[in-house]
Amino acid sequence: MDALKNTWYAAAWSTDVERKLLKRTLLNESIVFYRDPQGRAFALANACPHRFAPLHLGKLVDDTVECGYHGLRFNSSGKCVFNPDGDRLMPASAKVRAYPLHERYGLVWIWMGDPELADLALVPAFPFLEKPETYRPVSGYLKVKTNYRFMVDNLMDVAHVLIVHHDMLACPGLALTKTKVVREGKAIWANRLATNTTPPVIFDMMWRRARGDYEGGMDHWAESKWDAPTLISQNTGVGLTGRPREEGLETKNIHFTTPETDTSTHYFWAICRNFDIHNEKFDEEIRTGTEYAFVEQDQPLVEALQEVVGQREFWSLKPALLQGDIGAVEVRHALDRMIEKECKMRAESSRQPATTLG
């Protein structure tokens, strides 16, 4: 599929990978996840090499996965280590692919490309996810029937907020500003700042709850950062006009999208706040509000986009671009270049003559 392979993708929240078999499709590949008796997470291709039965229909036996069809067992490296039938021999070809995994930020990350290239240093830094005492997280997961790139477009696009999220998140002042693109290494920021404006309804409510009433206008910022290939983090907040930003209220959010198929996406989100952090009731209000904003407002649109565009190449449709699209467009071009480079390298590698010993 049209996606980067040699990179880390969010595969599951760590709490969802348990001492049982979890089936999940990523980049059109069916994979089975599980934990061994020591709690370590592993992932194998979800097909027994014998008759290709899905391994997730089997069971865990100690630290192995037993196929539910003929009982072959595979260890965490994908090697068959037990055959209950006949001569009990285990052919060398009885092996399934094992995927490199890494756990960080409460997520299980998976490397979908060449395992020899898997580098933990390539997982981007999201330090606020490791400081729940400073930024309290509320997280969730959804599966969306649209291509992952439509999800990235949506999350890098501030302009749609005025219309789509008119009832809770919209800020007229922010809609009158222009998106500024900032590059930070390989990352791309799409930022907007409105000063002395009416804040979004949700931030007005949160300010009054946490700080009390106020007079005058507010500054409102909305900043979205893209880390390749599909990781969006955001800083969104308000502060009293004329006061330092550090005195304001802010949420730091993550929206990690992982391709499931060409037309569906895994969506992992977390809203992390630096105020009212001991209020568990507020956690549920944030969860409800976030799911409302996406499920009721964003999701119908991004899924309808998929129905309209189908399998057609995005740029071939010649979209009529607006100023607010600048962040999403920069990201699309950057990811296009990365995918093209990887495909060329893979093609060149496949043409390399085999080394012979003489």
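Things worth noting here:
- Volume per residue of the C-alpha convex hull in the stretch 218-269, rounded to whole Å³: 72
- Total charge dipole magnitude, the stretch 64-152, about the Cα centre, Cβ charges on Lys, Arg, Asp, Glu only, Debye to nearest 20: 340
- Dipole-positive endmost among HIS160, VAL181, SER349 within the chain (Cβ charges, Cα centre): SER349
- Each listed q (0.13, 0.18, 0.21, 0.27 Å⁻¹) maps to a log10 I(q)/I(0) for the stretch 1-54, found by the Debye formula over equal Cα scatterers with no solvent: -0.37, -0.67, -0.86, -1.13.
- Residues in the chain average 51 Å² of solvent-accessible surface per residue, probe 1.4 Å, ligands and nucleic acids excluded.
- Projected-area average for the stretch 80-193 over all orientations - Cα convex hull basis, square nanometres: 12.9
- The average projected area of the chain, computed from the convex hull of its Cα atoms over all directions, is 22.2 nm².
- Using the empirical formula 2.2 N^0.38 Å as the baseline, the Cα radius of gyration of the stretch 122-269 reaches a ratio of 1.08.
- Counting charges near ASP63 (Lys, Arg +1; Asp, Glu -1) among other residues having Cβ under 13 Å from its Cβ returns a value of +3.
- For the chain, size of Cβ-based charge dipole, Lys and Arg +1, Asp and Glu -1, in debye: 840
- The protection proxy used here, the mean number of other Cβ atoms lying within 10 Å of each residue, ranks peptides 104-117, 328-341, 76-89 as follows, highest first: 104-117, 328-341, 76-89.
- Here's how it looks for CYS48: its modeled amide H is under 5 Å from those of ALA53, LEU55, which are all 5 or more places away or on a different chain.
- Cys with no candidate disulfide partner in the chain (beta-carbon separation under 4.7 Å rule): CYS80, CYS171, CYS272, CYS343
- Potential lengthening of the chain between ARG97 and LEU321 amounts to 76.4 nm, from the contour at 0.36 nm per residue minus the alpha-carbon distance.
- The chain: angle of helix 280-291 to the longest principal axis, Cα-based, in degrees nearest 10: 80
- Estimated translational D of the stretch 198-302 in µm²/s (Stokes, Kirkwood radius over Cα pairs; 37 °C; 0.692 mPa s): 214
- Debye-formula intensities of the stretch 137-215, expressed as log10 I(q)/I(0) at q = 0.13, 0.15, 0.18 Å⁻¹, are -0.57, -0.75, -1.00 (one equal scatterer per alpha-carbon, no solvent).
- Annotation: amide H of LEU72 within the under-5 Å range of CYS67, sequence separation 5 or more or interchain, hydrogens built in the peptide plane.
- Three-way shape label, the stretch 120-183, alpha-carbon gyration tensor, a/c 1.5: prolate
- Label-to-label distance, PHE314 versus LEU60, with points set 7 angstrom from Cα along the beta-carbon direction: 3.8 nm.
- Counting Cα-Cα pairs of the stretch 251-358 in 5 Å increments starting at 0 gives whole-percent bin shares of 2, 8, 10, 16, 16, 13, 10, 8, 6, 4, 3, 2, 1, 0, 0.
- Apportionment of accessible area to carbon and sulfur, the chain, percent (1.4 Å): 54
- Loop chymotrypsin sites (Phe, Trp or Tyr not before Pro), the stretch 180-235 (other Cβ atoms within 10 Å of the site Cβ: 15 or fewer; DSSP): TYR214
- Basic side chains Lys and Arg get +1 at the Cβ, acidic Asp and Glu get -1 at the Cβ, and with that the dipole of the stretch 225-358 about its Cα centre reaches some 680 debye.
- Based on the Stokes-Einstein relation at 10 °C and a viscosity of 1.306 mPa s, and on the Kirkwood radius from alpha carbon pairs, the stretch 23-93 is assigned a translational diffusion coefficient of 129 µm²/s.
- Neighbours of TYR267 by Cβ distance under 15 Å: Lys/Arg scored +1, Asp/Glu scored -1, total -2.
- The angle between the Cα long axis of helix 326-350 and the longest principal axis of the Cα atoms of the chain comes to about 20 degrees, rounded to the nearest 10.
- Per-peptide average of other Cβ atoms within 10 Å, ordering 250-263, 57-70, 172-185 highest first: 250-263, 57-70, 172-185
- The stretch 16-158 - Kirkwood radius from inverse mean 1/r over Cα pairs (Å): 17.3
- Expected 222 nm ellipticity per residue - DSSP helices of 4 or more, -39500 (n - 2.57), all of the chain, to 500: -6500 deg cm²/dmol
The values are calculated or read from the model by the stated rules, or taken from the named source; none is laboratory data. Since the model is a prediction, treat every value here as computed from it, not as a measurement. All Cβ positions, even for glycine, are placed from backbone atoms using ideal geometry, and neighbour counts span all protein chains on display. For accessibility, only protein heavy atoms count, side chains too; no ligands or nucleic acids. Shrake-Rupley method; radii C 1.70, N 1.55, O 1.52, S 1.80 Å.
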